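Worksheet: one structure, shown below.
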Amino acid sequence: MTSETPAALAKAAERPRPALSMSTGRAGDRIFAGLSRGSGLVILAIMAAIAVFLVWKAIPALQDDKANFLTSQEWNPDGAPAKFGIAQLVFGTLMTSVLALVMAVPVAVGIALFITYYAPRRLAGVMAYLVDLLAAVPSIVYGLWGLNFLVTKMTGVSGFLNSYFGWIPLFGGSETGGRTILTAAIVLAIMILPIISAITREVFVQVPHAHVEAALALGATRWEMIRMSVLPFGRSGMVSAAMLGLGRALGETIAVAMVLSTTAGIDWHILKDGGNTFAANIANTFAMSGPTGRSALIASGLVLFVITLLVNVGARAVVARRKEFS
Amino acid sequence: MAKRIEVSGLHAYYGGTHAIEDISMTIEPRSVTAFIGPSGCGKSTFLRTLNRMHEVIPGARVEGKVMLDDEDLYDSSVDPVAVRRVVGMVFQRPNPFPTMSIYDNVAAGLKLNGVRGKRRLDEIVEESLRGANLWNEVKDRLGKPGAGLSGGQQQRLCIARAIAVQPQVLLMDEPCSALDPISTLAIEDLIGKLKSQYTIVIVTHNMQQAARVSDRTAFFNIAGTGKPGKLIEIDDTSKIFTNPEQKGTEDYITGRFG
Ligand SMILES: Nc1ncnc2c1ncn2[C@@H]1O[C@H](COP(=O)(O)OP(=O)(O)OP(=O)(O)O)[C@@H](O)[C@H]1O
Ligand SMILES: [Mg+2]
């Protein structure tokens, strides 16, 4: 053994050494770098192509529009003078989605916390599985359930909320019903619950043990520990999760189209039948629209595209602002 | 304020693994007790049984008695959260709360204890940072994140955080092992200063450190891999390092090991 060592060393010394200039140019690295740069560019190209397509198809209708596209609440693009605007759609889309988010985020975070920090291990596994299963339900099923079950139940609930909490402006008004913005928001909330909860759960699991123990060793209760260590660590993850959920809610089509009884005009009373969203409007009217109507719908799709982009940019800004502390 | 700890017949387990076996010792108030011994012999495990942090690990449990003056920490009526408020802990790796400012890190435990009022908090935060020999270095950037400090400063921040709530006992698990000699010295000085008020227990792999800072030293050992760790002896530090009772202790401190 010992007599071999010098020989082995000499042999190792003879092995050709890579020249320094070669070290960055390995074929594998180059191929991988090319692939990832390529896929990045493809995504940008697809985004640009979608935008160009939408703009191209939207221009004819926008030129014909006799109403203000941004502020009009009317939707009559195939009328004699074509008159249409997106104000009501913006309102309905944001209202249903934001309400859905307001309802879904606390529940989703609660579920994620329960699964990661409170539930016994076996129950946690089952719960996580069930929540993930919710994500696999097709949206048409949510639509059917919303229309056939929730809408009937919500008629009573709306009446109750209106008579006891009518002093809250959103719950006010003289009419109540079941096919309302609130009902659509509830259906959306259930639909976006699994994704928000799955992502927040993932983040909560990654909280470093050292942070958890730091809080516990100071004499924090479990809930105090969660507030000191888990939630701050998970904040940007929760924001991303909420934004992903919001993105899904903004674009959800069929379930909302089925639940809402679409009427024209902005109405802040969310317990009243009515409301409309970009996606529901497209789904409900595309088939019976003429050429101008279709072009107008595409213009509205373009606006939805921009809104979703803005939501994502906003989310990134929120995440970036917390960077200094993480 | 400082309290005496009396441990008797203490065993600790990780699931089915028996980690430490039948430990009994007395830790005197207003003194520094050092734990030494080879890696894996259960020093950290034992330390964490003294503030009920051991049971935080899933499946971990403890048998035996730990008396803090006349209260048994493992009595069924005792709330582990309350125990940790009087027995503070500093970890091997500095672990300031990363999303909190320096100020908020120190104030974190105070807020848990219901200390309110900006004036009162300001006072205690300054006092604790001074106590941890960190005030002069951070007084101009109390609002900056604690994670932006150097490792040694972070560790002193953790000590400030632990002493801010005025615990009766302070447990330190290799507090200097991630630090340079200068920061180590700063922390050793600090330990010397703190012992007039607290009961301090420190785990260390550095014999010189044990000799420098502690009044009493406990030597732990392990019979072999998979066997539980045991307390071999505990005595005055000068005695342990010059004339220990046990052969095993002598072998360990003189470096003839195994
Ligand atoms: N979280 C854990 N789960 C299971 N076993 C553990 C865990 N932590 C420690 N152990 C085991 O318990 C025994 C004692 O470990 P402990 O960390 O207390 O040793 P130590 O004396 O502090 O060692 P070191 O000097 O390296 O820090 C070891 O055999 C170790 O493998
Ligand atoms: Mg250890």
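Read the figures in this text as sums done on the coordinates, not as results from a lab. Quick caveat: nothing in here was measured; it's all calculated off a predicted structure. A quick note on method: Cβ atoms are made from the backbone with ideal geometry, for glycine too, and the neighbour counts reach across all protein chains shown.
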For the stretch A:241-326, which chymotrypsin sites (Phe, Trp or Tyr not before Pro) are in a loop by DSSP, counting at most 14 other Cβ atoms within 10 Å?
-> A:268, A:286
Charge dipole (chain B, unit charges on Cβ, about Cα centre) - positive-most of B:67, B:207, B:192 = B:192
How crowded by other chains is B:139-152, given as the mean number of beta carbons from other chains within 10 Å of each beta carbon?
-> 1
Any idea which of A:196, B:98, A:275 is furthest toward the positive side of the dipole for the protein assembly as shown, if Lys and Arg beta-carbons carry +1 and Asp and Glu beta-carbons -1?
-> A:275
For chain A, find the longest principal axis of its Cα atoms and tell me its angle to the long axis of helix A:121-136, 0 to 90°, nearest 10.
-> 50
Amide H neighbours of residue B:60 under 5 Å, at least 5 residues apart or on other chains, H built in the peptide plane: list them.
-> B:15
GNM, chain A, Cα, under 10 Å: largest mean-square fluctuation among A:55, A:212, A:102?
-> A:212
Within 10 Å of each Cβ of A:227-233, how many other protein chain Cβ atoms are there on average?
-> 3
For residue A:289, list long-range residues whose amide hydrogen, built 1.01 Å from N in the peptide plane, is under 5 Å from its own amide hydrogen.
-> none
Please check chain B for the longest run free of trypsin sites (Lys or Arg not before Pro) that are loop-located per DSSP (anything but H, G, I, E, B) and have at most 15 other Cβ atoms within 10 Å.
-> B:1-115
What does the average come to when, for each residue of peptide B:96-104, you count the partner chain Cβ atoms lying within 10 Å of its Cβ?
-> 4
Within straight-line cross-link reach of residue B:144, aspartates and glutamates at Cα separation under 18 Å, skipping those fewer than 8 residues along the same chain = A:324, B:104, B:122, B:126
Inter-part gap, Cα centre of the stretch B:221-245 to Cα centre of the stretch A:85-142, in whole angstrom, is 56
What list of whole percents do you get for P(r) of the protein assembly as shown, with Cα-Cα distances grouped in 10 Å bins up to the one holding the largest distance?
-> 3, 13, 17, 17, 15, 14, 11, 6, 3, 1, 0
From the phi of every residue in the stretch A:254-269, what ³J(HN,Hα) in whole Hz does the Karplus formula 6.51 cos²θ - 1.76 cosθ + 1.60 yield, where θ is phi - 60° and glycine or proline is x?
-> 6, 4, 5, 4, 6, 6, 6, 9, 5, 10, 8, x, 7, 9, 6, 7
Regarding the stretch A:131-171, what are the three Cα extents along the principal axes, ordered largest first, in Å?
-> 39, 20, 13
The protein assembly as shown - share of DSSP beta bridges that are antiparallel (%, nearest 5) | 60
Total charge dipole magnitude, chain A, about the Cα centre, Cβ charges on Lys, Arg, Asp, Glu only, Debye to nearest 20 = 840
Size of the dipole of chain B about the Cα centre, Lys and Arg at +1 and Asp and Glu at -1 on the beta carbon, nothing else charged, in debye to 20?
-> 780
In nm, spacing of pseudo-spin labels at residue B:139 and residue A:36 (7 Å Cα→C-beta vector) | 4.8
In chain A, how many lysine pairs have Cα atoms under 26 Å apart, counting only pairs 8 or more places apart or on different chains?
-> 5
Which whole number in µm²/s is D for chain A by Stokes-Einstein, with the Kirkwood Rh taken over Cα pairs at 10 °C and 1.306 mPa s?
-> 67
Along the stretch B:133-141, what does the Karplus equation 6.51 cos²θ - 1.76 cosθ + 1.60 (θ = phi - 60°) give for ³J(HN,Hα), rounded to whole Hz, x for Gly and Pro?
-> 6, 10, 3, 4, 7, 10, 4, 8, 9
Using only Cα atoms, tell me the angle between helix A:27-64 and the longest principal axis of chain A; keep it within 0 to 90° and round to the nearest 10.
-> 10
Cα-Cα pairs above 23 Å in chain B: how many percent?
-> 51
Value of D in µm² per second that Stokes-Einstein yields for the stretch B:1-127, Kirkwood Rh from Cα pairs, at 10 °C (1.306 mPa s) | 96
Reach of residue B:227 by Cα under 19 Å, taken over lysines that are not fewer than 8 positions away in the same chain | B:43
Farthest toward the dipole's positive end in the protein assembly as shown, which of A:155, A:86, B:182, given Cβ charges of +1 (Lys, Arg) and -1 (Asp, Glu) about the Cα centre?
-> A:86
